[in-house]
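**Q** Below are the structure tokens for one structure; questions will follow.
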Amino acid sequence: MPGLWILVTIQAAVAAASLVVEIVAGRMLAPYVGMSLYTWTSVIAVVLAGFSAGHWAGGRLAEWPAARALRANGWAMVLAALTTAGAVFVLRLAAPPVITALHDPVASIVALTMAAFFLPSFFAGIPAPILAQIAVMGQPEKSGRALGAMFAAGAVGAIAGTLLAGFVFISWLGSVGTLTVVTLVYAALAAQSFVSGRQVARFALAPGLVALLLPLGLAGAALMQPDPCTEESDYFCIRVVDVSPTPDDPVRLMVLDHLVHGIADGADPFAMLTPHGMMQDGLSRMRMEDRPRWSGFVIGGGSYTVPRSWAERGGIDVTVAEIDPVVTEVAARDFWFDPEQARVVHADARIVLTREDTRYDLILGDAFTDIAAPPHLITHEFFALVQARLNPGGAYVMTVIDHMERLDVLAALVRTLDSLFPSVEVWADPGHDPAESRRVFMIIAGETPSPVSRIEHHGPAPREAIRVAAASVAAIIADRDPPVLTDDYAPIDRLLGRGS
């Protein structure tokens, strides 16, 4: 039977590989259901459920004679390799029908996580009790030490796998490449278990070879599949989608994970092709129209459509805080943004505003997605920092996405901003499709109200934005009695959850 240190090494390798799969799971789900608290909650719960079921099954197998148990461990590793390599195909095949059938985004996240990642975790959970039992049997006089060494090996392997996945594998190999490495590790561990279980003769037969070749072939096939990402960065799956009406009028979408984060017109830098882009640009310029030259700080670059437009107009000093440098590279390569026209800082916006004491005439926040938002960018403490970084008479313009049947997020943000700014306004696009449950709003916070209650934006199609009546906003807040969002309490995921 294998010595203790061999068993410790195997346990550490299994733990590391299984945690790599857990980290990759969140990234692989992102292009279909986004990255949110719900995504990571589902991934962690499903993986732990798989481990628990696998530990229970492995405990039953651990009661077998050691050689037989090791052979069973080998087959568990074969199945772990097979289901890990197959997770790519399961996810891509299951995502369209699951998302179509389950209208609740949280239900879709849970269902897809179960379909793709429960079985890899289940089979990865089987070895721990088998290896621990063999370690104890091999050193009965030091059973406590042997058992402690196995538990420690699992913990150390899990730490190593988490660090390797987050800082090395995904950055250098991508999600599918990382799963291929895990498949190879599982296959090698399966071979080791077969040999240690004295199944060398059987292993040389065709069934044994097929058992190991199948997951390896599946992993190779996964590598040959088209990558859903144009670029896979440390933060996002970035896709560039060409929606040009004609070759002479190039138009492209930037999709980060599963959500469109910007649209740019190659021929017209001033074209705002979405209602929220029009409001961001139009409302910002409306608030600054009395200043011949002004400075703007943009939270989130995306396709850089608004910063590009401002830079082309002249008279505006633009700073953009974009956390992902690959997003900027893609914007410069595919969305006609010239990084020389603006100051781009690749860091979290709150960190930038904290460490720099620069003041701006206008700060534009555009960090919302459909069911998630960065909690640290919507709190009283962050808004106080924004207020401190505004010049006298400056304004904070913020994009908000909320469900029309709830409006809990809008109410909470207005109440939070009201605790700091003398004037807080809500603006909306009156052309919103009433059949669409989610709606984009803009909040303007500053020292004074806007001079107008309606703006028009021409190009390419005329659109308008109107200020929601103060009485209507007050009624929304009174009906919901929302909390003031703070760093200690900002339940944005619950507030953004799908309306009932």
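The values are calculated or read from the model by the stated rules, or taken from the named source; none is laboratory data. As the structure is a prediction and not an experimental result, all values here were calculated from the model. Quick reminder, even Gly has a Cβ in these numbers, built from the backbone with ideal geometry, and neighbours come from all protein chains shown.
**Q** Considering only residues of the stretch 398-407 that are of a type in the set (A, V, I, L, M, F, W, C) and more than 15 Å from residue 467 (Cβ to Cβ), which is nearest to the chain's Cα centre (by Cα)?
**A** The qualifying residue nearest to the chain's Cα centre (by Cα) is 401.
**Q** Listed residues 389, 406; which is touching a residue at least 60 places away in the same chain (Cβ under 8 Å) and closer than 19 Å to residue 438 by Cα?
**A** 406
**Q** Would you mind telling me which numbered condition in (1) free of Cβ contacts under 8 Å to residues at least 60 places away in the same chain; (2) touching a Ser or Thr at 6+ places or on another chain (Cβ under 6 Å) residue 360 fails?
**A** That leaves (1) as the condition not met.
**Q** OK, next. Can you name every residue in the stretch 408-447 that is more than 27 Å from the chain's Cα centre (by Cα), acidic (Asp, Glu) and either surrounded by 14 or more Cβ atoms within 10 Å (Cβ to Cβ) or within 14 Å of residue 287 (Cβ to Cβ) (or both)?
**A** Those that are more than 27 Å from the chain's Cα centre (by Cα), acidic (Asp, Glu) and either surrounded by 14 or more Cβ atoms within 10 Å (Cβ to Cβ) or within 14 Å of residue 287 (Cβ to Cβ) (or both): 418, 425, 429, 447.
**Q** Inspect the stretch 239-250 for any residue being in a loop (DSSP other than H, G, I, E, B), closer than 24 Å to residue 170 by Cβ and within 21 Å of the chain's Cα centre (by Cα) and give the result as yes or no.
**A** There is no residue in the stretch 239-250 that is in a loop (DSSP other than H, G, I, E, B), closer than 24 Å to residue 170 by Cβ and within 21 Å of the chain's Cα centre (by Cα).
**Q** Hey, does the stretch 318-335 have a residue that's more than 17 Å from residue 399 (Cβ to Cβ) and of a type in the set (Phe, Trp, Tyr)?
**A** yes
**Q** Within the stretch 418-445, restricting attention to residues that are in a loop (DSSP other than H, G, I, E, B) and touching an Asp or Glu at 6+ places or on another chain (Cβ under 7 Å), which residue is farthest from residue 400 (Cα to Cα)?
**A** By that ranking, first place goes to 422.
**Q** Has the stretch 326-340 got any residue that is of a type in the set (S, T, N, Q), modelled with pLDDT under 95 and more than 30 Å from residue 108 (Cβ to Cβ)?
**A** Within the stretch 326-340, not a single residue is of a type in the set (S, T, N, Q), modelled with pLDDT under 95 and more than 30 Å from residue 108 (Cβ to Cβ).
**Q** Could we say that residue 116 is under 19 Å from residue 74 (Cβ atoms), buried (at least 19 other Cβ atoms within 10 Å of the Cβ) and touching a helix residue (DSSP H, G or I) at 6+ places or on another chain (Cβ under 7 Å) here?
**A** Against the criterion (under 19 Å from residue 74 (Cβ atoms), buried (at least 19 other Cβ atoms within 10 Å of the Cβ) and touching a helix residue (DSSP H, G or I) at 6+ places or on another chain (Cβ under 7 Å)), residue 116 does not qualify.
**Q** Then there is this: Check off (1) part of a helix (DSSP H, G or I); (2) of a type outside the set (Lys, Arg); (3) in contact with an Asp or Glu (Cβ under 6 Å, 6 or more places away or on another chain) for residue 386 and give me the number that stays unchecked.
**A** Going through the list (1) part of a helix (DSSP H, G or I); (2) of a type outside the set (Lys, Arg); (3) in contact with an Asp or Glu (Cβ under 6 Å, 6 or more places away or on another chain), residue 386 breaks only (3).
**Q** Being outside any loop (DSSP other than H, G, I, E, B) and over 30 Å from the mean Cα position of the chain (by Cα) narrows it down to one of 471, 395, so name that one.
**A** None of the other options fit; the residue is 471.
**Q** Let me ask something additional. Would you mind finding the one in 26, 34, 50 that is touching a Ser or Thr at 6+ places or on another chain (Cβ under 8 Å), assigned by TED's automatic domain parsing to the domain that holds residue 187 and modelled with pLDDT of 95 or more?
**A** Criteria check complete, one pass: 50.
**Q** Sort through 27, 71 and tell me the only one that's charged (D, E, K, R), under 30 Å from residue 224 (Cβ atoms) and either in a helix (DSSP H, G or I) or touching a residue at least 24 places away in the same chain (Cβ under 8 Å) (or both).
**A** 27
**Q** Does residue 40 meet the test of being farther than 24 Å from residue 233 by Cα and either buried (at least 24 other Cβ atoms within 10 Å of the Cβ) or at pLDDT 90 or above (or both)? Before you say what the answer is, go through the steps one by one.
**A** On the way: farther than 24 Å from residue 233 by Cα: no; either buried (at least 24 other Cβ atoms within 10 Å of the Cβ) or at pLDDT 90 or above (or both): yes.
So residue 40 does not fit the description; no.
**Q** Determine whether the stretch 286-309 contains at least one residue that is acidic (Asp, Glu), outside the structural domain of residue 171 (by TED's automatic domain parsing) and closer than 16 Å to residue 337 by Cα.
**A** No, the conditions are met nowhere in the stretch 286-309.
**Q** Which of the residues spanning the stretch 429-474 are at pLDDT below 80 and touching a helix residue (DSSP H, G or I) at 6+ places or on another chain (Cβ under 8 Å)?
**A** Across the stretch 429-474, the qualifying residue is only 432.
Listed here are the residues, each with its yes/no results for (1) of a type outside the set (D, E, K, R); (2) within 15 Å of residue 284 (Cβ to Cβ); (3) touching a Gly at 6+ places or on another chain (Cβ under 7 Å).
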residue: 298; (1), (2), (3): yes, yes, no
residue: 321; (1), (2), (3): yes, no, no
residue: 329; (1), (2), (3): no, no, no
residue: 337; (1), (2), (3): yes, no, no
residue: 343; (1), (2), (3): no, no, no
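**Q** Here's another thing I want to ask about it. Modelled with pLDDT under 95 and touching a helix residue (DSSP H, G or I) at 6+ places or on another chain (Cβ under 6 Å), is that true of residue 373?
**A** The answer is yes for residue 373.
**Q** Consider residue 128 carefully, then state whether it is under 15 Å from residue 17 (Cβ atoms), assigned by TED's automatic domain parsing to the domain that holds residue 73 and of a type in the set (Gly, Ala, Ser).
**A** Yes, satisfied.
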